[in-house]
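Just below is one structure, and these are the notes that go with it.
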Amino acid sequence: MEEKKKDIIRETDADAIRLAKTLMRSARFGALAFNEKGTGVPMISRIGIATDIDGTPVTLISGLSAHTQALEADARCALLVGEPGKGDAMAHPRISLVCRARRIARDTPEHERIARRYLNRNPKAKLYVGLGDFAFFRLEAERASMNGGFGKAYLLDRAELVTENAQNEEFAAREQSAIDHMNEDHRDAIAIYARHFGKAKGDDWVVTGFDAEGMDLASGDQCLRVFFPQPLASAQDLRLVLVEMAKAGRAAEAGQTSPERS
């Protein structure tokens, strides 16, 4: 009897969904695949990215670039994110998103929100964000293929990649004031979020984004995703969860550094 072929695709579970969202939320650049205008030949370009409030990747690109012209002729594209670390590059997680690019119209609330979030993540883009030939695009994810490491392949659909809920608009309205407050008055707490919940090093962290599921942090060129213990039902719950997470992180660090009792 012929042996049944083993399915290499794993069942998508909560851990896989969290890894996928982490890869998307923590990326600041990616490889964009598109069809060359006029020829249809596949091409690839590196682009800077951030995420919209729902986790959708967004980018700012020049109208003079080949990929902008290609996307306006054929919106189909793919985005690869996930940075290799030490050792075998193929052992590190990455995700390939099948997307459709949508140009964001200027002078709209959507453009204002996306520009604000993009510049929080990529502050150097302020040099050219106002230039007339530059435009923001949302890369609307339809599905994805993720490799979480050796032997860890997953297929995910849109509902597992982005967070579409009623809280997004509320968070977007309150987000920047919360970011400014935390970065101006509570840098010590942000460092605790990064170290304790994000398993990162250092103290020089700032918040670049809040949403119903977590927060995005940055330190220089490093980007970090920290999830809340539970998704928030309302933006009004943000302050309480930040206070509780800071307390938990401080208590854990105090316990690790306190001398052993005899």
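The values are calculated or read from the model by the stated rules, or taken from the named source; none is laboratory data. Small disclaimer: the values here were computed from a predicted structure and weren't measured. Virtual Cβ from ideal backbone geometry, glycine too; neighbours counted across all protein chains shown. These area figures cover heavy atoms from the full protein model, side chains too; ligands, DNA and RNA do not enter into them. Shrake-Rupley method; radii C 1.70, N 1.55, O 1.52, S 1.80 Å.
The residues on offer are 178, 212, 159, 172, and the sole one that is without any contact (Cβ under 8 Å) to a residue 40 or more places away in the chain and aliphatic (A, V, I, L, M) is 159. Comparison of 243, 207 shows that the only residue that is among the β-branched types (Val, Ile, Thr) and in a helix (DSSP H, G or I) is 243.
Residues that are open to solvent by less than 30 Å² (accessible area, probe 1.4 Å) and modelled with pLDDT of 95 or more within region 136-152 comprise 136, 137, 138, 139, 141, 144, 146, listed in sequence order. All conditions in (1) more than 30 Å from residue 236 (Cβ to Cβ); (2) out of contact with any helix residue (DSSP H, G or I) (no Cβ under 7 Å at 6 or more places or on another chain) hold for residue 159, with the sole exception of (1).
Going by the conditions given, is residue 74 out of contact with any helix residue (DSSP H, G or I) (no Cβ under 7 Å at 6 or more places or on another chain) and either open to solvent by 40 Å² or more (accessible area, probe 1.4 Å) or among the small types (Gly, Ala, Ser) (or both)? Judged against the criteria, residue 74 is not a match.
The single residue among 160, 213, 164 that is closer than 24 Å to residue 138 by Cα, modelled with pLDDT under 95 and out of contact with any Lys or Arg (no Cβ under 6 Å at 6 or more places or on another chain) turns out to be 164.
Restricting the search to strands (runs of 3 or more DSSP E) fully inside region 48-158 and requiring at least 1 residues that are of a type outside the set (D, E, K, R) and out of contact with any strand residue (DSSP E or B) (no Cβ under 7 Å at 6 or more places or on another chain) gives an empty result. Is there a residue being under 18 Å from the mean Cα position of the chain (by Cα), charged (D, E, K, R) and open to solvent by less than 70 Å² (accessible area, probe 1.4 Å) anywhere in region 197-210? The answer is no, given that none of the residues of region 197-210 is under 18 Å from the mean Cα position of the chain (by Cα), charged (D, E, K, R) and open to solvent by less than 70 Å² (accessible area, probe 1.4 Å).
Among the small types (Gly, Ala, Ser) and under 25 Å from residue 83 (Cβ atoms) - does that describe any residue in region 168-184? No, every residue in region 168-184 fails to be among the small types (Gly, Ala, Ser) and under 25 Å from residue 83 (Cβ atoms).
Is one or more of the residues making up region 180-187 surrounded by 14 or more Cβ atoms within 10 Å (Cβ to Cβ) and under 15 Å from the mean Cα position of the chain (by Cα)? For region 180-187, residues surrounded by 14 or more Cβ atoms within 10 Å (Cβ to Cβ) and under 15 Å from the mean Cα position of the chain (by Cα): absent. Taking every residue in region 124-151 that is aliphatic (A, V, I, L, M) and pairing it with any residue that is surrounded by fewer than 18 Cβ atoms within 10 Å (Cβ to Cβ) and assigned to a loop (DSSP other than H, G, I, E, B), at least 6 positions away or on another chain, the pairs with Cβ-Cβ distances below 7 Å are 135/63.
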